[in-house]
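To keep things clear, I will list the structure first and then write my remarks on it.
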Amino acid sequence: MTFFANLTRAGTIALSVWAVAPMLTQAVQAETPQDTLVVGKSADADNLDPAVTMTNNSWTITYPAYERLVQFKVEDGRGLTEVEPSLAASWTTSEDGLTWTFKLAPGHMFDDGTPVDAAAVKASFDRLLAVGKGPSETIGPVAEIQAPDAETVVFTLKEPFGPFLSALATNGASIVNPSFAEHEKDGDLGQAYLAEHTLGSGPYRLESWEKDQQFVLVPNPHYSGPKPALSKIVVKVIKEATARRLQLENGDIDIVEELPIDQLDTLKGTEGVTVVDEPSFYVTYLYLNNTHPPLDNPKVRQALSYAVDYQGIIDGILLGRGIQMQGPVPVGMWAHDDNAKQYNYDPDKARAMLEEAGVKDLSLTFVYAKSDPNWDSIGLVLQQYLADIGVELVLREHAYPTMREKLNTGDFDIAPGNWTPDYGDPSMFMNYWFDSRLHGLAGNRAFYTNPAVDEMIRTSVNLTDQSKREALYLDAQKLIMEDAPYILLFQKNYTFAMRDNVKGFVYNPMLLQMFNFESMSK
Amino acid sequence: MSLANIIRRRLLLLILVVFGVTLVTFAISHMIPGDPARMMAGERASDEIVEKMRENLGLNKPVAVQYAIYVGQIARGDFGTSIRTQRPVISDIKKFFPATIELALAAMLFAIIVGVPLGVISAVSKDRLIDHLSRSISVVGISTPAFWLGLLMILVFYGQLGILPGSGRIDGVIGPPTTITGFYTIDAALTGNWPAFKSAVQHLILPGLTLGFLHLGVVTRQIRSAMLEVMSEDYVRTARASGLSRRQIIYGHALRNALIPSITMIGLAFGDLLYGAVLTETVFAWPGMGAYVVQSISSLDFPAIMAFTVVASTAYVLINLFVDLIYMVLDPQIREVG
């Protein structure tokens, strides 16, 4: 035999061994088991400690692993922004709105079988405040927590806080088993342990977490509610959207999050797949720097607001999956104003207003990052819209941390932003966006100042009477829409896809990327 | 110089290299504007919370002091706490580094097993059809974007044929084997966990092929040109004249000499694989260092970036050392001269 034949044969064998051998042993993909739900998400969780994490990707895991004093109501299979009892059976508020007393419901237990009593609730909130990270702020101005007896928890607030109940339904207010103290290392209040484990009383508990690969959730044997139908939840991290989609089509995954809009369209006609497409509180808007002349002139800001083709952006960039915002409070949230002024696309009016304001040869910067792919497209169309009214827009792309820094210091003329509320209360929009004490990244990213608005929104957030609060917010919105501190673009739909044999999913705009696994089945 | 001396000298050099690399990375990453403390606290956090965070992270100290503290920590084997995940960096590195090495080894194995014979065939039949074919494969390999190739692999082998898994390191239901080395294939084999072994190998194939294919071209070309050069050497002609068989000439003389320059290249390519696998890792949801470091950079996670730098530069230096040692085995001249 010649050398050649030998070599070729060697090569062929090597190739075949590499490619064929494992195929012989590979089982063809099958549907996932009936009591197992597999979710595919685009990014890993960062940290599972409710007192630390601020990301929805972590909340996917933590929300079903813990319970909170209150939970969002479900009516006719729809999640509402109002809350109802969960760990707390009932509650009362003092006249001045500073003291909240909760009576705990009996029978709730952590996953180690110990009861969720008042001492545990107090320990959990004390820990949240002592850790002092982001989530400690979302629950409101809590001064002190007391547990006079095993069933009673009393919160004392520093000032009245209207959205308090709503805030207690957020992930940060999850009740952690006081056994965290056993895992304490160097006075970290169990942070290192809780970053990678769950210690809750929710329907599920974390069984394992392989970083950047998958989570496995299993039922909490001591859960007080009905036994869940799903005995295993696997949450897989698959960064590539196409790969996620393919696995859904093949039936290896039951639910796929965060698919780009074009991929969703391809999936629409696929057999066995349902696309969930629901209105959300996720809004996209433009910050106009109200301190940079001539943007300090409301007339100029109004002119810019008239220069934008809102429907064009929704149709072109979102492929129709969204609606134009009307006022700063999104549709579906109380204090949304159906009659709020809405700017329409009117370039002639925009040009006339600019002329009236005596503005000529205007050049503005648009500071953005690629962290949201839509921002790039928005910048490009905005450049065109503004060119149309004689304004030059210079696009400046930065790394996201750098963009954030510029937003915080006001080093921009126009910048795009997204916002979702932490709790189901309009203060998440009205107070954060317009309070002049919150200039910068904290919320008022337009650096907007209007003392009359400040007065109304601050009064509103300190009241507990919802109708009074609503009236104040509606009045404030009238002033705000005339001042046009932001260009309000769109309220985006929340979309994901799932196998059509998945039953019982309840959509709640407050719980994006959080699932009611305990009442879902296949 | 004795072998022990060479290794000793190189290890000393390693410390210097790592020290230099950390200094540069630390300086650059702290020059980028952006406040990691705010990132951690959440964007909407009050200044008070952000300030507290900054203090906890030691970010309020001068950069030089931060660096000194950092070097002290590394010396004790402590890579600090990640800013993004607020978990110890070392636990992430321990998970992600073996994953990347395992993938890089699989890719390299493929590139060598296929690339070396292809290069030899190509050289011995220069300008014939098979040579053109192999050169085309090289060009395609070198110029194909990993992203595209990966997706294509997934579409065909997972989507259409359904014979190989499309993402991850192991089947979710089987779960990873007990950790010994961090290499799933090796750990599964060591613990006799055969279902996990099978699944780990299956999961390794597509990303391994994708990444390996990109280096296949480099290996083939290198071997081909080295072989061509060697084949025209006098000693090969002498060997031929003395009546040795073609096979003996090529295997016994030519290939061995052609391998020497190729080993340097393969060693360097392996170093590239350690951090060049980002795209492949992303497409296949492979939980490796590449994807990890990209995420870390985009959130200005200094401790994670630094830890990656230290690990990668150490690995790079060690690979170079290893390559040099192989040299000595293959080439007696180097062994003697040192």
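The values are calculated or read from the model by the stated rules, or taken from the named source; none is laboratory data. If you're wondering where the values come from, they're calculated on a predicted model, not measured in any experiment. Here Cβ is always computed from backbone atoms with ideal geometry, including for glycine, and neighbour counts include all displayed protein chains. Accessible surface is based on the protein model in full, side chains and every heavy atom, while ligands, DNA and RNA are left aside. Shrake-Rupley method; radii C 1.70, N 1.55, O 1.52, S 1.80 Å.
What the table shows:
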read-out	value
Qualifying residues in region A:379-416 (those that are under 21 Å from the mean Cα position of the chain (by Cα) and modelled with pLDDT of 95 or more) - the one surrounded by the fewest Cβ atoms within 10 Å (Cβ to Cβ)	A:416
All strands (runs of 3 or more DSSP E) inside region A:192-284 with 2 or more residues being free of Cβ contacts under 8 Å to residues at least 60 places away in the same chain and within 14 Å of chain B (Cβ to nearest Cβ)	A:204-210, A:214-219
Qualifying residue in region A:125-135 (condition: touching a residue at least 12 places away in the same chain (Cβ under 8 Å), under 18 Å from residue A:98 (Cβ atoms), over 27 Å from the mean Cα position of the chain (by Cα) and outside any loop (DSSP other than H, G, I, E, B))	no
Which numbered condition residue A:179 misses (of (1) within 14 Å of another protein chain (Cβ to nearest Cβ); (2) open to solvent by 10 Å² or more (accessible area, probe 1.4 Å); (3) polar (S, T, N, Q); (4) over 18 Å from residue A:518 (Cβ atoms))	(1)
Complete set of residues in region B:84-100 that are of a type outside the set (Ser, Thr, Tyr), open to solvent by less than 30 Å² (accessible area, probe 1.4 Å) and touching a residue at least 40 places away in the same chain (Cβ under 8 Å)	B:86, B:89, B:92, B:93, B:96, B:98, B:99
Pair list, Cβ < 8 Å and 6+ apart or interchain, from region A:370-392 residues that are more than 24 Å from residue A:293 (Cβ to Cβ) and free of Cβ contacts under 8 Å to residues at least 24 places away in the same chain to residues that are outside any helix (DSSP H, G or I) and open to solvent by 70 Å² or more (accessible area, probe 1.4 Å)	A:376/A:370; A:376/A:397
Residue check for residue A:477: open to solvent by less than 40 Å² (accessible area, probe 1.4 Å), modelled with pLDDT under 95 and among the polar types (S, T, N, Q)	no
Residue A:208 within 16 Å of residue A:60 (Cα to Cα), small (Gly, Ala, Ser) and open to solvent by 10 Å² or more (accessible area, probe 1.4 Å)	yes
Subset of region B:30-46 [in contact (Cβ under 8 Å) with a residue 24 or more places away in the chain and either more than 11 Å from chain A (Cβ to nearest Cβ) or open to solvent by 40 Å² or more (accessible area, probe 1.4 Å) (or both)]	B:30, B:32, B:39
Residue in region A:298-321 that is most open to solvent (accessible area, probe 1.4 Å), counting only those that are touching a helix residue (DSSP H, G or I) at 6+ places or on another chain (Cβ under 9 Å) and among the polar types (S, T, N, Q)	A:302
Hey, residue A:149 open to solvent by 10 Å² or more (accessible area, probe 1.4 Å), within 19 Å of residue A:50 (Cα to Cα) and more than 14 Å from chain B (Cβ to nearest Cβ) or not	no
Condition broken by residue B:71, with the remaining ones in (1) in a helix (DSSP H, G or I); (2) without any contact (Cβ under 8 Å) to a residue 24 or more places away in the chain satisfied	(2)
Condition broken by residue B:161, with the remaining ones in (1) at the interface with chain A (Cβ under 9 Å from one of its Cβ atoms); (2) within 23 Å of residue A:238 (Cβ to Cβ); (3) surrounded by 15 or more Cβ atoms within 10 Å (Cβ to Cβ) satisfied	(3)
From A:156, A:138, residue being farther than 25 Å from residue A:220 by Cβ and in contact (Cβ under 8 Å) with a residue 24 or more places away in the chain	A:156
Among (1) within 11 Å of chain A (Cβ to nearest Cβ); (2) open to solvent by less than 40 Å² (accessible area, probe 1.4 Å); (3) modelled with pLDDT under 85; (4) part of a helix (DSSP H, G or I) - the single one residue B:110 does not satisfy	(3)
Subset of region A:419-440 [surrounded by 23 or more Cβ atoms within 10 Å (Cβ to Cβ) and free of Cβ contacts under 8 Å to residues at least 60 places away in the same chain]	A:431
Failed item in (1) more than 13 Å from chain A (Cβ to nearest Cβ); (2) closer than 25 Å to residue B:282 by Cβ; (3) surrounded by fewer than 17 Cβ atoms within 10 Å (Cβ to Cβ), with residue B:156 passing the rest	(1)
Residues of region A:229-268 satisfying the condition of being open to solvent by 30 Å² or more (accessible area, probe 1.4 Å), under 15 Å from residue B:158 (Cβ atoms) and in contact with a strand residue (DSSP E or B) (Cβ under 9 Å, 6 or more places away or on another chain)	A:236, A:245, A:249
